[in-house]
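Data block below; observations after.
FYI, it's all coordinate maths here, none of it is from the lab. Just so it is clear, the model here is predicted, and its values are computed rather than measured. Cβ: placed from backbone, ideal geometry, glycine included. Neighbour counts: every protein chain shown.
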């Protein structure tokens, strides 16, 4: 079975298998709460975040048998590829994505933003959401994009 086959479609053999969901921005806050809810349902999670120490603590809190942490920046294509690779190596499948990453580098009116700050916001928040939705829809999974994007087979 190829990597795409494993990530793409469930077979009859996996119908009862434990689901695995990627949750970005999950070292704390809403992302961690989503990961906790999934683990409480008996699922496995692959969580991401920028800070490896905070991510490591989140994995310990979730339970190392149920969670894998991959530190990095969501707008980095190599990091996104590593997350998928490590998820498949560890759990053998990917069933969903909760694209929760966020940033708040500026306060105040958008009209007052420096163009470089606006680009940073787009780069960190919207580009990974688009990439995630494209990844999911390319596998035939329903996908949504918005302040948080999700998809699930």
### Message
Need the full-extension length gain, residue 73 to residue 116, defined as separation in residues times 0.36 nm minus the C-alpha distance. One decimal, nm.
### Response
13.7 nm
### Query
Arranged from highest to lowest average of other beta-carbon atoms within 10 Å per residue, in what order do the peptides 42-48, 85-91 appear?
42-48, 85-91
#### Entry: Where labels lie 7 Å past Cα in the beta-carbon direction, separation of residue 17 and residue 82 in nm
2.5
